[in-house]
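Q: Could you have a look at this structure, given as structure tokens, before my questions?
The values are calculated or read from the model by the stated rules, or taken from the named source; none is laboratory data. These numbers come from a predicted model, not from an experiment. Using ideal geometry, Cβ is built from the backbone for each residue, glycine included, and neighbour counts are taken over all protein chains shown. Heavy atoms of the whole protein, side chains included, go into the accessibility calculation; ligands, DNA and RNA do not. Shrake-Rupley method; radii C 1.70, N 1.55, O 1.52, S 1.80 Å.
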Amino acid sequence: MKRLWQICFAIGIIMMVGRLATALLDRMGVETTTFFFELQIPSMIVLIVGIIGLEVTGKSNK
């Protein structure tokens, strides 16, 4: 189960970095895809679920 939370966390981080890069490039005037902004809410949910899952499994192992 911990592996699932790690995967959710990694996917969420990748999507967050993609959103930040897209926002930076957009601010610079470079044409980019809107893929990361279209999936903003689902990727934030995946990241939050991954963080919560890792915290819960980390505390139960100690």
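Q: Taking springs between alpha-carbon atoms closer than 10 angstrom, which of Met44, Met15, Met28 fluctuates most in the Gaussian network model of the chain?
A: Among Met44, Met15, Met28, the largest mean-square fluctuation in the Gaussian network model of the chain belongs to Met28.
Q: Here is a follow-up. Where is the GNM fluctuation largest for the chain (alpha-carbon springs, 10 angstrom cutoff): Gly50, Gly18, Gly29?
A: Most flexible of the set in this elastic network: Gly29.
Q: Within the chain, report the GluC sites (Glu not before Pro) that DSSP leaves as loop and that have at most 14 other Cβ atoms within 10 Å. Write out the running numbers ahead of the final one.
A: Values: sites: Glu31, Glu38, Glu55; in loops: Glu31.
Those that pass, being in a loop and sparsely packed, are Glu31.
Q: What does the accessible area per residue of the chain come to in Å², with a 1.4 Å probe and no ligands, DNA or RNA counted?
A: So the chain comes to 76 Å² accessible per residue, rounded to a whole number.
Q: Towards the positive end of the charge dipole of the chain, with charges on Cβ (+1 Lys, Arg; -1 Asp, Glu), say which of Met16, Gly58, Ser43 has the farthest Cα.
A: Positive-end residue among those listed: Gly58.
Q: Tell me the relative contact order for region 1-50 as a rounded percent, counting alpha carbon contacts under 8 Å between residues six or more apart. Intermediate values should be presented prior to the final figure.
A: On the way: 42 pairs, mean separation 30.0, N = 50.
Relative contact order for region 1-50 comes out at 60 percent.
Q: Also, quick follow-up: Expressed as a whole percentage, what fraction of the accessible surface of the chain belongs to carbon and sulfur atoms when a 1.4 Å probe is rolled over the protein heavy atoms? Provide the component values of the computation, followed by the final result.
A: Values: 3340 of 4720 Å².
Heavy-atom surface of the chain belonging to carbon and sulfur, 1.4 Å probe: 71 percent.
Q: Take the chain, connect every pair of alpha-carbon atoms lying under 10 Å apart with a spring to form a Gaussian network, then pick out the residue of Val49, Val17, Val30 with the largest mean-square fluctuation.
A: Val30
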